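Chemist: I have a structure here, written as structure tokens, and I will follow up with some questions on it.
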Amino acid sequence: MENTKKIREGSVRTASRLIRNIEDRHPEARAAIKKIFPHTGGAHIIGITGSAGAGKSTLVDGLISAFRKKNQTVGVLAIDPTSPFSGGALLGDRIRMQKHAEDQGVFVRSLATRGAMGGLSKAAGDAIHILDAMGKDIILVETVGTGQQEVDIMHNSHTVIVVLVPGMGDEIQAIKAGIMEIADIFVVNKADHAGTAQLIRELKNMLDMAHIPDDGWRPPVLTVGSAFETASFVENLNILSEKIADHHQYLIHFNELKNRLRRKTRVEIRDALRSCILDPVLADLDARGELDRLTELLINKESDPYTAAEEIASRYLRKIPIKQTKKGGIVR
Ligand SMILES: Nc1nc2c(ncn2[C@@H]2O[C@H](COP(=O)(O)OP(=O)(O)O)[C@@H](O)[C@H]2O)c(=O)[nH]1
Ligand SMILES: [Mg+2]
């Protein structure tokens, strides 16, 4: 049976193999995404980001249960760039997610990729397509960190949750503005730690200063209490899952879903261009030893980055007039 069909029927084996291909940058991955792409777009994609140890995986685990209670199917992608091989650093997550292992409505995978800049965002986008084509209602994407890379990955989602823990104090200010700006929901984790009320206050002050229009979405600031107080944690996660649904409704109602899709698609085009243009050019230059030669030239001030890049561009890129095909594709 063909891969696309198997994926659409929810085959865990095929999905796992394709995600491994994505990690390995196997050419088959690209071919598969081309076929799967028309069958994507049905899922509500939720990004969850925050520092390492902030309790994101604990939250994801609780959210899976909350969504399953509403009979929604869930795909989870845990992205860990620091993991040298797939799942290495995520053993704890695996154990934690075990209780969902028997549930056909839940598919959990981790994603680790090595190498080039921007590679992780593209790999994440591709893996999300796979979960989407599997027909998952909800896709949870967990990333570690608050830098540009996480902002890029978060652009693949419709709803962004930023997880913070008390005791960071002034660090909120220090967190790259980028990630705070794209937050749709703030979750204050580990509310059993001191400083929860202060953190909530700081976040609300920050939002007050953001001048959100009356009909705009003001990111709610939620606390989920302590993960170790099971009953209240479960209840808080139900509330969080409702807020997530509210945000989805808001996106639909105000036609914002299209804007999110546009944002996501732009990232995807940029990532694909990078892998189809920049990566091969860099690899070619490297193979010819020209990257080393250029590096020396620049170090010796015999050239500069722009002159070098312009020369390379003129060598590799021909200006070709392009026209639209009927289907909207591009032909030469
Ligand atoms: N005190 C406390 N610890 C928590 C809470 N939630 C998670 N943790 C612990 O924080 C650690 C990191 O959690 P994890 O979910 O793996 O964080 P992640 O790195 O953000 O995915 C684990 O030891 C959790 O048991 C909480 O509400 N209170
Ligand atoms: Mg985690």
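Chemist: Using the Karplus curve 6.51 cos²θ - 1.76 cosθ + 1.60 with θ = phi - 60°, what ³J(HN,Hα) values do you get for each residue of region 51-60, in whole Hz, with x for Gly and Pro?
Modeler: 5, 4, x, 6, x, 5, 5, 4, 5, 4
Chemist: Something else now. Given a cut-off of 29 Å, name the pairs among K99/K258; K35/K264; K5/K258 whose C-alpha atoms lie farther apart than that in the structure shown.
Modeler: Working: K99/K258 35 Å; K35/K264 19 Å; K5/K258 27 Å.
From the list (K99/K258; K35/K264; K5/K258), the Cα-Cα distance tops 29 Å for K99/K258.
Chemist: Whole Å is fine, so just give me how far the alpha carbon centre of region 251-320 lies from that of region 118-134.
Modeler: Their Cα centres are 20 Å away from one another.
Chemist: A further question follows. Taking the Cα centre of the chain as origin, work out the dipole magnitude from +1 charges on Lys and Arg Cβ and -1 charges on Asp and Glu Cβ, in debye rounded to 20.
Modeler: About 1540 debye.
Chemist: Still on this structure, please answer the following. Once amide H atoms are placed 1.01 Å from N in the peptide plane, what residues at a sequence separation of 5 or more from V76, or on another chain, have their amide H within under 5 Å of its amide H?
Modeler: Counting only residues 5 or more places away or on other chains, the set is F107, V108, R109, L140.
Chemist: Short version: ³J(HN,Hα) in whole Hz for each residue of region 145-160, in order, from phi by Karplus 6.51 cos²θ - 1.76 cosθ + 1.60 (θ = phi - 60°), x for Gly and Pro, what are they?
Modeler: x, 9, x, 4, 4, 5, 4, 4, 5, 5, 5, 6, 10, 8, 10, 10
Chemist: Next question. What ranking of M209, M154 comes out by heavy-atom accessible area, probe 1.4 Å, highest first?
Modeler: From most accessible down to least: M209, M154.
Chemist: Then there's this: Do you know the relative contact order of the chain, to the nearest whole percent, from alpha carbon pairs under 8 angstrom that are 6+ apart?
Modeler: It comes to 18 percent, rounded to a whole number.
Chemist: Continuing with this model, one more query. Restricting to the chain, what percent of DSSP beta bridges are antiparallel, rounded to 5? List each step's numbers first, then the result.
Modeler: Working: 3 of 33 bridges.
Close to 10 percent.
Chemist: Still on this structure, please answer the following. In whole Hz, with x marking every Gly and Pro, tabulate ³J(HN,Hα) for region 262-268 from phi via Karplus 6.51 cos²θ - 1.76 cosθ + 1.60, θ = phi - 60°.
Modeler: Taking θ as phi minus 60°, the curve returns 4, 4, 5, 5, 4, 4, 5 Hz for region 262-268.
Chemist: Additional query: Just the number, please: carbon plus sulfur as a percent of the accessible area of the chain, 1.4 Å probe, no ligands or DNA/RNA counted.
Modeler: 55
Chemist: Evaluate the relative contact order of region 183-332 (contact order divided by residue number), counting alpha-carbon pairs under 8 angstrom at least 6 apart; express in whole percent.
Modeler: Working: 82 pairs, mean separation 22.5, N = 150.
After rounding, I find 15 percent.
Chemist: In a GNM of the chain with a 10 Å cut-off on Cα contacts, which of A197, A133, A78 has the highest mean-square fluctuation?
Modeler: Its mean-square fluctuation being the largest, the pick is A197.
Chemist: Accessible area per residue for the chain in Å², computed with a 1.4 Å probe and the full protein assembly in place, what is it? The partial results should precede the final answer.
Modeler: Numbers: 18070 Å² over 332 residues.
With the other protein chains kept in place, the chain gives 54 Å² per residue.
Chemist: Let me ask something else. Take the alpha-carbon centre of region 199-238, take the same for region 1-65, and report the distance between them in whole Å.
Modeler: Answer, in whole Å: 28.
Chemist: Continuing with this model, one more query. Most fluctuating residue of A54, A313, A183 in a GNM of the chain with Cα springs under 10 Å: which is it?
Modeler: Maximum among the listed residues: A313.
Chemist: Here is a follow-up. Ordering H211, H39, H248 by how much accessible area each has at a 1.4 Å probe, largest first, what is the list?
Modeler: H211, H39, H248
Chemist: In Å, what Kirkwood hydrodynamic radius results for the chain from the alpha-carbon pair distances?
Modeler: 21.6
Chemist: For V160, what residues show an amide H to amide H distance below 5 Å, using hydrogens built from the backbone and excluding near sequence neighbours?
Modeler: Counting only residues 5 or more places away or on other chains, the set is G47, D184, I185.
The values are calculated or read from the model by the stated rules, or taken from the named source; none is laboratory data. The structure presented is a predicted model; accordingly, all values stated were derived computationally and were not measured. Reconstructed Cβ throughout: ideal geometry from the backbone, glycine too, with neighbour counts over all protein chains shown. What goes into the accessible areas is simple: the full protein's heavy atoms, side chains included, and nothing from ligands, DNA or RNA. Shrake-Rupley method; radii C 1.70, N 1.55, O 1.52, S 1.80 Å.
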